[in-house]
Amino acid sequence: MQSQIGEKLPTILTIYQKMNAEKDLPTLLDLVAQEAMRLIEADRASVFLLDREKQELWSIATLDGEQIRFDARLGLAGAAAMTGQTINVEDAYKDPRFYRKIDGRTGYRTRSLLVVPLRNQEEEIIGTFQVLNKKGGTFNKDDEGILEALAAHLATAIETAQLVEELKLHRKQLLDENTQLRREVEGRFSTQNIIGSSPQIQNIVRLIEQISDSSVNVLIAGESGTGKELVAKAIHYNSSRVSGQFLALNCAAIPESLVESELFGIEKGVATGVERRAGKFEEVNGGTLFLDEIGDLSLSAQAKILRVLQEGVIERVGGRKAIPVDVRILAATNKDLEAEIQKGNFRKDLYYRLKVIHIQMPALREIPEDIPLLANYFLEKYCREMKKEPKKIAAGTLRNLMNYSWPGNVRELENEMKRLVVLTQRRLITEEDLSEIIRNSDNKKMPLLLMPVLSLKKAVVELEKHLILEALQTHQQNQRQTAKALGLSRYGLIKKMKRYGIKQN
Ligand SMILES: Nc1ncnc2c1ncn2[C@@H]1O[C@H](COP(=O)(O)OP(=O)(O)OP(=O)(O)O)[C@@H](O)[C@H]1O
Ligand SMILES: [Mg+2]
């Protein structure tokens, strides 16, 4: 008899192409089973995959939609999987290896059976491919050849489909994780986390919400620890740029010679050994760049930032090409920029470009009414984080907190609350728990209140003492700055401190 393989070769090639195109595993297996059935003129066809760990063969879905799973050491399919050989039997029931239970379970009556192993490119057996009940007879050598040829290609197609499936799953997991993280971050930086019922803070919160949909530049000014970065993040995470990045860059922390390459990138070969590198503006394209301490930028870096704001392009250091960027700039400063302009340290035109919206963060001492709210907020937050029982601050102690001048602003208050959560065992926080400098703040304001009942001379002494203590605190115990603020020479300050018995901590 003449071989039919040659005649069937075009069909086999077409099936290969179909297999290559199909990346969904169940559809692939279904397709191959149907094609094999037709080509070999079998009554049924199924693919079993080998589960190595469990030593089981299983089918994703046979043509009638039923899933089968069985011990890989049983049956003719099992034998093909274990030995790696093609098995062709004319009457399955006469073969001792035949596993009759499957017929029993499905109600099917197997007569002739041809099964081949599926081998991947590493020659590992990954399953079996079988056809049942040849129409009008038994499977011949040609059928074996065709099924083996299909199986060889199928193994690769299965592995590709499995890989694609894994990648899809992985991608979905990453996306889910990403969405989850983004929600958490957005929650953490929503305006709800800007605490304060004072008109100053409420106005800031309202402003952030008003500008959420625009990309206007914002200048955030305020002393250290007043929440400039918190506000910047709230602006970004409330804006339509939320899917872009928020990137903070502290201009004061980068050496002047590196600022420009850090911001705008650098071209290869500008200096020996320099590789081409993108800067923050390119990195954060589509997002928000937070330029902290912008008052510390060199005039030449300021000129380049002005160009970004005016033309929406940057130029790398040593480059000649203008690269378009879409970046929203939020800038922060604790310097008085108008004074810096007077001194020639800051460009006026840049200042006006940046402060399209100007947010002035109040110092904490300007909003004492927010102190109890903030203190309780941090106390609760850190008790929760450190898994401690909730704590409360005694009413009298709140007054100490409100009288203190908080040179480090909200950050200092936050740190004090963190310290209390770590150190105090009792649930009620009282005066003696506070840091000494805060505990003493009450006494320092006292002289002012008591003044009317003191003699003038005594009142002057008390007032002077009070002013020195407060100035020392404001200037972090720096004598030179304190003296300057009080209009004294450093020597004069030291003399007065000695006279009043003021010791520095
Ligand atoms: N109104 C507020 N509500 C809640 N937390 C606040 C508030 N203001 C500031 N904080 C917290 O105080 C800390 C300091 O705030 P932030 O870092 O934003 O200050 P900053 O003005 O950027 O300070 P610096 O100038 O020192 O960089 C942060 O932990 C911040 O979450
Ligand atoms: Mg900051």
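So, in the stretch 174-192, exactly how many residues are acidic (Asp, Glu) and either more than 10 Å from the chain's Cα centre (by Cα) or closer than 20 Å to Leu373 by Cβ (or both)?
The initial filter retains those residues of the stretch 174-192 that are acidic (Asp, Glu), namely 176-177, 184, 186.
Next, from what is left, pick out any that are either more than 10 Å from the chain's Cα centre (by Cα) or closer than 20 Å to Leu373 by Cβ (or both): 176, 186.
Residues that pass the stated criteria total 2.
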First in the stretch 215-231 and farther than 17 Å from Ile371 by Cβ, second anywhere and part of a loop (DSSP other than H, G, I, E, B) and near ligand 2 (Cβ under 9 Å from one of its atoms), Cβ under 8 Å, 6 or more apart: Ala221/Asn334; Ser224/Asn334; Lys228/Asn334
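With respect to Lys233, determine if the residue is within 24 Å of the chain's Cα centre (by Cα) and either within 16 Å of ligand 2 (Cβ to nearest atom) or on the phi < 0 side of the Ramachandran plot (or both).
Numbers: within 24 Å of the chain's Cα centre (by Cα): yes; either within 16 Å of ligand 2 (Cβ to nearest atom) or on the phi < 0 side of the Ramachandran plot (or both): yes.
Answer is yes for this residue.
Of everything in the stretch 130-150, what is under 21 Å from Pro10 (Cβ atoms) and under 58 Å from the mean Cα position of the chain (by Cα)? Give them in sequence order.
In the first step, residues of the stretch 130-150 are kept if they are under 21 Å from Pro10 (Cβ atoms); the result is 131, 140-150.
Selection gives Val131, Asp143, Glu144, Gly145, Ile146, Leu147, Glu148, Ala149, Leu150.
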The listed residue being surrounded by fewer than 19 Cβ atoms within 10 Å (Cβ to Cβ) and not assigned by TED's automatic domain parsing to the domain that holds Ile254, out of Asn345, Asn376: Asn376
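So, in the stretch 313-327, exactly how many residues are outside any loop (DSSP other than H, G, I, E, B) and more than 28 Å from the chain's Cα centre (by Cα)? So that I can check it myself, show each step before the final result.
Going residue by residue through the stretch 313-327, those that are outside any loop (DSSP other than H, G, I, E, B) are 313-314, 317, 323-324.
Filter once more, so that each one left must be more than 28 Å from the chain's Cα centre (by Cα): 317.
Going through the stretch 313-327 one residue at a time, the tally reaches 1.
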Positions within the stretch 157-183 being of a type in the set (Val, Ile, Thr), without any contact (Cβ under 8 Å) to a residue 60 or more places away in the chain and assigned by TED's automatic domain parsing to the domain that holds Phe129, in sequence order: none
In the stretch 248-262, the residues that are within 15 Å of ligand 1 (Cβ to nearest atom) and either farther than 16 Å from Ala301 by Cβ or among the small types (Gly, Ala, Ser) (or both): Ala248, Ala252, Ala253
Residue in the stretch 241-254 that is touching a strand residue (DSSP E or B) at 6+ places or on another chain (Cβ under 6 Å), outside the structural domain of Ser405 (by TED's automatic domain parsing), touching a residue at least 60 places away in the same chain (Cβ under 8 Å) and more than 16 Å from ligand 2 (Cβ to nearest atom) present: yes
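Results for (1) in contact (Cβ under 8 Å) with a residue 60 or more places away in the chain; (2) under 21 Å from Ile5 (Cβ atoms); (3) among the aliphatic types (A, V, I, L, M), shown as yes or no for each residue.
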residue	(1), (2), (3)
Leu49	yes, no, yes
Trp58	no, no, no
Leu74	no, no, yes
Pro96	no, no, no
Tyr108	yes, no, no
Leu113	no, yes, yes
Phe129	yes, yes, no
Any chance Thr156 is under 44 Å from the mean Cα position of the chain (by Cα), within 30 Å of Asp24 (Cα to Cα) and at pLDDT below 90: no
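Is it the case that some residue within the stretch 160-170 is within 25 Å of Arg73 (Cα to Cα), away from ligand 2 (no atom under 16 Å from the Cβ) and not basic (Lys, Arg)?
Among the residues of the stretch 160-170, at least one is within 25 Å of Arg73 (Cα to Cα), away from ligand 2 (no atom under 16 Å from the Cβ) and not basic (Lys, Arg), which makes the answer yes.
Which one is surrounded by the most Cβ atoms within 10 Å (Cβ to Cβ) among residues in the stretch 16-59 that are of a type in the set (Lys, Arg) and part of a helix (DSSP H, G or I)? Step through it out loud before you land on a result.
Of the stretch 16-59, the ones of a type in the set (Lys, Arg) are 18, 23, 38, 44, 52, 54.
Add one more test, that the residue is part of a helix (DSSP H, G or I), and what stays is 18, 38.
Details: Lys18: 14, Arg38: 12.
This residue is Lys18.
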Of residues in the stretch 130-183 being hydroxyl-bearing (Ser, Thr, Tyr) and farther than 17 Å from Ile87 by Cβ, the one surrounded by the fewest Cβ atoms within 10 Å (Cβ to Cβ): Thr179
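Here's the yes/no breakdown for (1) within 16 Å of ligand 1 (Cβ to nearest atom); (2) over 25 Å from Val327 (Cβ atoms); (3) of a type outside the set (Val, Ile, Thr):
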site: Gln173; (1), (2), (3): no, yes, yes
site: Glu177; (1), (2), (3): no, yes, yes
site: Ser197; (1), (2), (3): yes, yes, yes
site: Arg206; (1), (2), (3): yes, yes, yes
site: Ile220; (1), (2), (3): yes, no, no
site: Ser224; (1), (2), (3): yes, yes, yes
site: Gly227; (1), (2), (3): yes, no, yes
Failed criterion for Phe98 (all others in (1) assigned to a helix (DSSP H, G or I); (2) farther than 23 Å from Pro26 by Cα hold): (1)
Every residue from the stretch 397-429 that is within 12 Å of ligand 1 (Cβ to nearest atom) and either over 37 Å from the mean Cα position of the chain (by Cα) or not aromatic (Phe, Trp, Tyr) (or both): Pro407, Gly408, Asn409, Val410, Arg411, Glu412, Leu413, Glu414, Asn415, Glu416, Met417, Lys418
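The values are calculated or read from the model by the stated rules, or taken from the named source; none is laboratory data. Because the structure is predicted, anything quoted here is derived from the model rather than measured. A quick note on method: Cβ atoms are made from the backbone with ideal geometry, for glycine too, and the neighbour counts reach across all protein chains shown.
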